[in-house]
1. Contact order normalised by length for segment 73-137, with contacts defined as Cα pairs under 8 Å and 6 or more residues apart; what percent is it?
2. Within 10 Å of each residue's Cβ, count the other Cβ atoms and sort R112, R84, R103 from fewest upward.
3. Fewest first, what order do R150, R175 take by the number of other Cβ atoms within 10 Å?
4. Any idea what the relative contact order of segment 115-186 is, in percent, if you count C-alpha pairs under 8 Å spaced at least 6 apart?
5. Could I have the simple spin-label model distance between Q75 and R167, label points 7 Å from Cα toward Cβ, reported in nm to one decimal?
6. Expressed as a fraction of 2.2 N^0.38 Å, the rule-of-thumb size for a compact globular protein of N residues, what is the C-alpha radius of gyration of segment 115-186?
7. Using a 10 Å cut-off around each Cβ, can you sort D130, D82 from fewest to most neighbouring Cβ atoms?
Amino acid sequence: MRTMLFRAGLAVALAGVLAACGSSGGSKAEPILAPSTSTPATARSHTTTKPSATTTPASGTKATPSSADLDALTQFLAKYPDSRYVSHAKELQAKAQGVLVARDWYVYEFHRKREKWQGAALRLERILKDYPGNQREPEALYELANMYARLEERYRAQQALQQLLVRYPKSKYQRSAETMLAALRSQPEAPPKP
């Protein structure tokens, strides 16, 4: 009974991520839970056949993992740290985080290209808050400092650069960050905003 509950919990936690990121399996169809973000968990408990690792059964369109899928994987790993599925769950968690970071990075670039510095800064803040330790974190901190500098928020720009230098002292942004930080510190204080 405990094994059945455990497997059901794993299936619920991994269903959306499997659909979006694919899984290592053969070409034969395998039963999984149908991913859906608009229906409650009880309505998703029916099984279906997975036609492809990257398409949803209903629409045939490419699925992407959601932050709820990432949260479910994180909860699974916390609840079952000794599971034999931990390595697979960690792999899926990394893939899901990569997809979600790429989506938010795309939105950041959208705002940056249109010179919407506030929107770009907010998206970078979200990446840093929601996906700590992701591969783009050094770049996100550096770009966040740039956005704050453009918004004339020197203190926040300095904080982002200091975090970058402390957390990633050997990143490719180290020299640029040090130069920008020195330039920000040498600027006279701006008059307070009304």
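What follows is calculated from the coordinates using simple rules that are stated; it is not laboratory data. All of these numbers come straight from a predicted model, not from anything done at the bench. Every residue, glycine as well, gets a Cβ built from its backbone with ideal geometry; the counts of neighbours run over all protein chains shown.
1. 27
2. If I rank by nearby Cβ atoms, fewest first, I get R84, R103, R112.
3. R175, R150
4. The value is 27 percent.
5. Placing both labels 7 Å beyond Cα along the Cβ direction yields 2.6 nm.
6. 1.01
7. Sorted ascending by nearby Cβ count, the order is D82, D130.
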